[in-house]
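The values are calculated or read from the model by the stated rules, or taken from the named source; none is laboratory data. Note that the structure is a prediction, hence the values are computed from the model and not measured. Cβ: placed from backbone, ideal geometry, glycine included. Neighbour counts: every protein chain shown.
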Amino acid sequence: MSADAETLVVYAAKARDYAEMTADLSGDRHLAAFIAAMPESARVLDLGCGPGRAAGQMADRAMIVDAVDAVPEMVDMAAAHPGVTAWQADFDEIGGVDIYDGIWANFSLVHAPRADLPRHLAALKAALKAGGLLHVGMKTGTGETRDALGRLYTYVTEAELRALLAEAGFRPAQSWTGRDIGLDGTPADWVVIHSHG
């Protein structure tokens with residue numbers, strides 16, 4: 001199973017802090033690009049939705065939004081957004097074929113062990129409609145480690161992530177890189193890649 005128990009405990013305890021940290025997504029260019037690429041009345045999946053801020057913005061734009069998270073406290077907050085259907089699930093519970101026009105996996109797969117990434121990406125590829133869009137954000141670097149809060153992180157290089165996406169059948173396209181301070185107060189480098197199914 002990919003749900004790391006210690007990571008889930010941290011997010012449960014810090015759910016309100018995380019919600020406050022992600023309260024304003026109005027300037028998120030990646031989310032704006034994702035939303036702009038969706039067809040009218042798109043069905044989308046927010047994988048590892050956290051408090052559901054992104055899911056809520058998608059629902060505000062008349063999308064059909066499924067939001068999943070492994071932490072009950074996060075699911076409760078996500079479900080409070082009008083138009084968002086949220087439930088508790090980990091990465092191994094994502095299934096189905098040709099369901100979604102878009103999948104938003106924004107820094108959620110960072111908590112999956114590296115060995116599990118190919119399996120998870122393959123499941124997302126199956127769930128995405130042909131030509132659909134996958135947004136994936138990961139912290140960049142190498143190895144697996146725990147942060148100061150105890151959360152498990154898997155780091156990848158952009159080249160490694162592009163290779164993983166291609167192996168799963170995606171067509172990686174536009175990418176962005178940057179550096180931000182996370183919940184643990186530590187700056188970290190990241191990459192976001194948009195890929196087509």
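Tell me which residues, restricted to region 164-191, are aliphatic (A, V, I, L, M) and surrounded by 14 or more Cβ atoms within 10 Å (Cβ to Cβ). If you could, list the steps in order and put the result at the bottom.
Going through region 164-191, the residues aliphatic (A, V, I, L, M) turn out to be 164-166, 168, 173, 181, 183, 188, 191.
Once the filter is applied, which keeps residues that are aliphatic (A, V, I, L, M) and surrounded by 14 or more Cβ atoms within 10 Å (Cβ to Cβ), region 164-191 yields L164, L165, A168, L183, A188, V191.
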**Report entry** Condition met for T157 (among the polar types (S, T, N, Q) and touching a residue at least 40 places away in the same chain (Cβ under 8 Å))
**Finding:** no
Requested in this report: Could you tell me whether any residue of region 33-45 is in contact with a helix residue (DSSP H, G or I) (Cβ under 9 Å, 6 or more places away or on another chain) and either modelled with pLDDT under 95 or polar (S, T, N, Q) (or both)?
Outcome: no
Requested in this report: Select from region 143-154 the residues that are closer than 14 Å to R114 by Cα and either touching a Ser or Thr at 6+ places or on another chain (Cβ under 7 Å) or in contact (Cβ under 8 Å) with a residue 24 or more places away in the chain (or both) and list them in ascending order.
Outcome: E144, R146, L152, Y153, T154
Query raised in the report: Among all residue pairs at least 6 apart or on different chains, which show Cβ distances below 7 Å where the first residue, located in region 73-91, is in contact (Cβ under 8 Å) with a residue 40 or more places away in the chain and the second is surrounded by fewer than 15 Cβ atoms within 10 Å (Cβ to Cβ) and not charged (D, E, K, R)?
Result: E73/A12; D90/M1
Report summary line: Residue pairs within 9 Å by beta carbon, gap of at least six or interchain, first lying in region 102-128 and hydroxyl-bearing (S, T, Y), second in a strand (DSSP E or B), listed first then second, are S108/D46; S108/L47; S108/D69; S108/V136; S108/G137
Report task. Can you confirm whether region 65-82 contains a residue that is modelled with pLDDT under 95 and touching a Ser or Thr at 6+ places or on another chain (Cβ under 7 Å)? Result -> no
Query raised in the report: For A126, which of the numbered conditions (1) at pLDDT below 95; (2) of a type in the set (A, V, I, L, M); (3) part of a helix (DSSP H, G or I) fails to hold?
Result: (1)
Report task. Look through region 1-27, keep the residues that are surrounded by 15 or more Cβ atoms within 10 Å (Cβ to Cβ), part of a loop (DSSP other than H, G, I, E, B) and out of contact with any strand residue (DSSP E or B) (no Cβ under 9 Å at 6 or more places or on another chain), and return whichever of them is modelled with the lowest pLDDT. Result -> S2
**Report entry** Restricting region 160-197 to residues that are outside any strand (DSSP E or B) and in contact (Cβ under 8 Å) with a residue 60 or more places away in the chain, the residue that is farthest from G102 (Cα to Cα)
**Finding:** L183
Requested in this report: Could you list all residues from region 135-156 that are of a type outside the set (D, E, K, R), out of contact with any helix residue (DSSP H, G or I) (no Cβ under 6 Å at 6 or more places or on another chain) and surrounded by 14 or more Cβ atoms within 10 Å (Cβ to Cβ)?
Outcome: V136, G137, T140, G141, Y155, V156
